[in-house]
Each structure stands twice: as structure tokens, then as C-alpha cells.
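No value in this document is a laboratory result; all are computed from the given coordinates. None of these values were measured; they are calculated from a predicted model. When we count neighbours, we look across all protein chains shown, and the Cβ atoms used for this are built from the backbone with ideal geometry, even at glycine.
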Amino acid sequence: MASPNNLVLELQRIAQLREYIPQDIHIESTFRLHLESFAELTRRYTAPEIDQILKKKQRTLVLCYLIERHAKLLDAVADMAIRVWENANHHADDYANARAKALAEAYEARDNVLKSLLKVINTSQSPDQLWDGVHRYKSLEEYNSLLDDIEKSKSWRSCHRSKIEDHYSSLRRFLPSWYKTIPLAATVLNNTIPKAHAFMKAHDKDSALPTNGCPTDFLEQPWRRLAIRQYARTGEILRVVKKPYELGLYDATVQGLKHGNIAIPQAHRYAPNTMTLCWSGWTLAWNGMTMNMISIKRRFGSIKTER
């Protein structure tokens, strides 16, 4: 289940798993097919069986398994992060729709009152009769209650944003671990989101965010308007409000992951596009050497490969 608490646990698992992976190991030049094959092979062994393997081979198998497991955990955490934000938006949609319905009912009640008052005005023969008719129709408290319902009502966007802000405390349960554990990389020229991610990692404990070096180009409305205080004429930023800034960053990160503009290095499905292209090339290059793992079927003049 995608929830902030479960996301915290998954991030902790990733941090613990990384402690067993040597930092000086570079796997960029290693075929991903090798890693997956060795990881799958390791998964079939029991601990006593692995102990019987030569140390060098044993370390290779275990390392491939850890790297493969690490990549799958990164994918799972990215999926959970997206679902957590989608759930928050779904709750905000329901809340905003309910408020919009209540506002529509308030306006309908107001229109009914106005129609009745216009009839009273039209049928009144004197000011005293008009006064008596207006106050006989509804009491002063009822008029004030109707007016308050309309004045206190917010727009749909405002209600939606306020409900998203209510989720901020729950999002903060995992955001510090998210900044610390999950690496981000841009797949487009604009890399302000990874920079903002690193910025929040460095200033996560600060109650007030510094304005110097704070990336803001990625912020969309309404988060930009709420997060940035600046001079209208010069554009100089005077203050960056942490709560809307983090919500805007998380929103931009989720959208980037969904559309492929943001990637997670060392992951699988959320890896940079170059890794996906390399994976296709590696698969084609190794098909001839792994015929025992691939069955080739010819159908209608086309070739279909199955692992």
C-alpha cells in the first residue's frame, strides 16, 4: 500500500541495502543482462549452497543480486511516491468537489431568497409593509447565516490547494529520507529539479530556506506564487517559503518521473533514457550467446523472441 509510513520503511531498506554494496564498484560498463542473470541465479541458491562456491564467484553473485535488488527497490519507491501524490490529489479533488457542491447549494438558496424578496418588494404598498414583509420572510440571523455561507466559500482551486497543504505534515514523514536516499537526474536540458532536490537535501532542517542558490524555475502556479516573495519591479527574491516550495518540488518531481523528464540512476524502469537504449543494444548483442535462454518462433514472416 502506498502511504507515507510505508514509503519511509522502503527508503530505510534502500539505505540499509546500500551499506552492503561497495561504493568503488562501477557497473556502468557491465551488461545489464549479466546482472539480471546472475541475480536470478543467486536467488535460487540457499545460504549453505552459496558458501560452497568459490569466494570470487560468491562475491560476484551476491553483488549482482544486491545491485538488482537495489534497482527494483528504487523502482518500487518511485511508484509509491507517485501514488502517494496521486492519492493526495484525489482526496483534494473530493474535498474541492464537495465544497463546490456546498457553494452551489448556497447560491441556489440565495437565488430563492432573492426571488422571494423581489415578490415582497413588488407587492408591498408602503415602506412599512415592505419592512414587515422582509422580516417576516426570514429572521435577521437567517439572512446573516446565508451571507456568511457565501462569503466564506472558496473557489475550487483554493479548496483543492488547501487540502493538498493539509497533507504536508504526512509528506514530511518521508521527504527528508527521500532527499537523502533517492538520486535524481534530468533527462532534458533543464536540470533545475535535481538541483532543487540537492538544495533541499542540504537545507532540509532549515526552517527558513536561503534565497541564495535556491532553484525556482521549475515551480508552477500556484506554488510559485505562494512560495516566492519578490520585488515586482526587479524580480529580486526576498524570501522562499518552505512549505509551498517543497510541495511544488514534490509535484514537479512526480510529474517529471511520470513523463520521463526526471530519472533515477541505478533504477530499472525509472533509469535515464540512455540506460534504456543501452539495454536494447545489450539484448540484441547477447541474443546469439544466450540461445539456451531464448526460444525463437517464426510467425507470419516475423520473429518473436521470448525469455
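This ranking places Ile164, Ile228 by how few other beta-carbon atoms lie within 10 Å of each, fewest first, which gives Ile228, Ile164.
Normalised by the number of residues in segment 130-248, the average gap of Cα pairs under 8 Å and 6 or more apart makes the relative contact order 19 percent.
Loop-located trypsin sites (Lys or Arg not before Pro) across segment 179-246 with a Cβ neighbour count of 12 or fewer within 10 Å are Lys205, Arg233, with loop assigned by DSSP. For segment 233-250, 3J(HN,Hα) computed residue by residue from phi via the Karplus equation (6.51, -1.76, 1.60; θ = phi - 60°) reads 7, 9, x, 5, 7, 9, 7, 10, 7, 5, 4, x, 5, 5, 5, x, 5, 5 Hz, glycine and proline entered as x.
Rounded to whole numbers, the Karplus 3J(HN,Hα) couplings from phi for segment 140-145 are 5, 5, 5, 5, 5, 5 Hz, using 6.51 cos²θ - 1.76 cosθ + 1.60 with θ = phi - 60°, and x at Gly and Pro.
Legend: distances between Cα atoms for Lys154/Lys195; Lys154/Lys258; Lys163/Lys258; Lys154/Lys205; Lys101/Lys242; Lys72/Lys243; pairs beyond 26 Å are Lys154/Lys195; Lys154/Lys258; Lys154/Lys205; Lys101/Lys242; Lys72/Lys243.
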